[in-house]
1. Report whether or not GLN285 is surrounded by 15 or more Cβ atoms within 10 Å (Cβ to Cβ), at pLDDT below 90, in the same structural domain as VAL316 (by TED's automatic domain parsing) and closer than 26 Å to VAL330 by Cα.
2. Might you check whether a residue that is closer than 30 Å to ALA376 by Cβ, hydrophobic (A, V, I, L, M, F, W, C) and not in a loop (DSSP other than H, G, I, E, B) occurs anywhere in region 272-284?
3. Can you tell which of LEU355, LEU308 is without any contact (Cβ under 8 Å) to a residue 24 or more places away in the chain, part of a helix (DSSP H, G or I) and either touching a strand residue (DSSP E or B) at 6+ places or on another chain (Cβ under 8 Å) or buried (at least 18 other Cβ atoms within 10 Å of the Cβ) (or both)?
4. Take the residues of region 293-305 that are assigned to a loop (DSSP other than H, G, I, E, B) and in contact (Cβ under 8 Å) with a residue 60 or more places away in the chain: which is nearest to SER358 (Cα to Cα)?
5. Answer yes or no: is there a residue in region 266-280 that is among the small types (Gly, Ala, Ser) and free of Cβ contacts under 8 Å to residues at least 40 places away in the same chain.
6. Filter region 95-116 for residues that are in a strand (DSSP E or B) and more than 18 Å from the chain's Cα centre (by Cα); which is nearest to ARG82 (Cα to Cα)?
7. Can you name the number of the only condition in (1) on the phi < 0 side of the Ramachandran plot; (2) under 23 Å from the mean Cα position of the chain (by Cα); (3) not assigned by TED's automatic domain parsing to the domain that holds VAL9 that ASN321 fails?
8. So which residues in region 7-56 are in a helix (DSSP H, G or I), more than 16 Å from the chain's Cα centre (by Cα) and either crowded, with 23+ Cβ neighbours inside 10 Å or not polar (S, T, N, Q) (or both), if there are any at all?
Amino acid sequence: MSNVLFFNVARDGHVNPTLGIIKELVNRGEKVTYYCSREYRDRIEQTGATFRAYEKRLDKTNTPDTPMMFLIYHMLRDTEHRIRTILPKVQEEEYDYVIFDSSCAAGWIIADILHLPKISSCSMLAMDQRNPKVDRKSYTEVDREYLVKSKEILNNLKKAYALNSIPLHDFKRIMSFPGDLTFVFTSKYFQNNADQFDETFRFVGPSITLRKDAENFPYEKLQGKPVIYISMGTIVNQQVEFYQKCFRAFAGMDAKVVLSVGKNTKIEELGTIPDNFIVRNYVPQLEILQHTDVFFTHGGMNSASEGLYFATPLAVLPISNDQPMVAKRVKELGAGIQLDFHRVTPAVLRETAELLLSDSTYKQHAHKIGDSFRGAGGYQKVVDDIFEWKGSTFE
């Protein structure tokens, strides 16, 4: 049995893919201590892991118009805070290895300070570590201001913990930390430039596990007509204007439309809801996708992967973060259409849905990607590979 220290960022798309892994590790005798924000306590404790909370602050600043360096600065500020509060406790404990989300810098740094082997859990498309250059010519005045502040934090971290080896010489590194072993939750087929990654990167497909928090849903209403599902994820989903565009686009269409608006959107403020819509603050996404013919999504890696896993053609409206990369890849592989979230009109939404419903090639390409996901191994392969890696690392 090994003692495992796990760090994750507080987002559904990063936490949910790890739950099956943690449960399987615990079932095989590993003792897992998992750091995340309090909202994930129940899900994490259900796996058998020991949950520990840290404060979540970043998402309050994350909007579609937030400058990248502003986000990076807040990530680094939170990283510094987490290291100072968590490190004294874990230094008094015994651990054998650390698993961390690839965008959780605190996990990489704490593992380095403790001289522990590292495993990276990558819930996005992997970034090529050989060429991590960022085009700073495109930086705004705000970006440059927070670039200076970010460098101050980095220098403080390096001095405080003698982090000469920390790979923070370029800011793209901060968004994606590899480990001694890096598990990427997609397939080689979906990963762009997959041949550029060495054998330490394992493409294992999305970790699809049905969740127990799915509320009752009137699935019988989804029978007999095409189903259009619309969800803009769990972070930047307060998009009343967009939802009203969807009403105008699909009202009267011979289809059933399921719209998930997020827990912070007040449904009564959306106006008159067309008769063919089912609007909820939350829907059981994995279950809905098994009935869906077209999925309008922001292109978060988790949502896009779940849609493609069930061979659902996608209409992708990227807003921020890695979503444009996901949208581009979906388009390249012919499994969907990329739209401009800020300029899309009701007419374009309707035309896109009709095209994805009528042209079977989108469904065929989505099915091919889904097959590649199912063949990649999932969380069982992750745990098998971890135990194989343990055998060679700790022998």
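1. Criteria not met by GLN285.
2. no
3. Of the residues listed, the single one that is without any contact (Cβ under 8 Å) to a residue 24 or more places away in the chain, part of a helix (DSSP H, G or I) and either touching a strand residue (DSSP E or B) at 6+ places or on another chain (Cβ under 8 Å) or buried (at least 18 other Cβ atoms within 10 Å of the Cβ) (or both) is LEU355.
4. Looking at residues that are assigned to a loop (DSSP other than H, G, I, E, B) and in contact (Cβ under 8 Å) with a residue 60 or more places away in the chain, I get ASP293.
5. yes
6. In this case the residue turns out to be VAL98.
7. (1)
8. ILE22, LYS23, GLU24, LEU25, VAL26, ARG38, GLU39, ARG41, ASP42, ARG43, ILE44, GLU45 - these are the residues of region 7-56 that are in a helix (DSSP H, G or I), more than 16 Å from the chain's Cα centre (by Cα) and either crowded, with 23+ Cβ neighbours inside 10 Å or not polar (S, T, N, Q) (or both).
The values are calculated or read from the model by the stated rules, or taken from the named source; none is laboratory data. Keep in mind the model is a prediction, meaning the values are calculated, not measured. Here the Cβ is made from the backbone with ideal geometry for all residues, glycine too, and neighbour counts use every protein chain on show.
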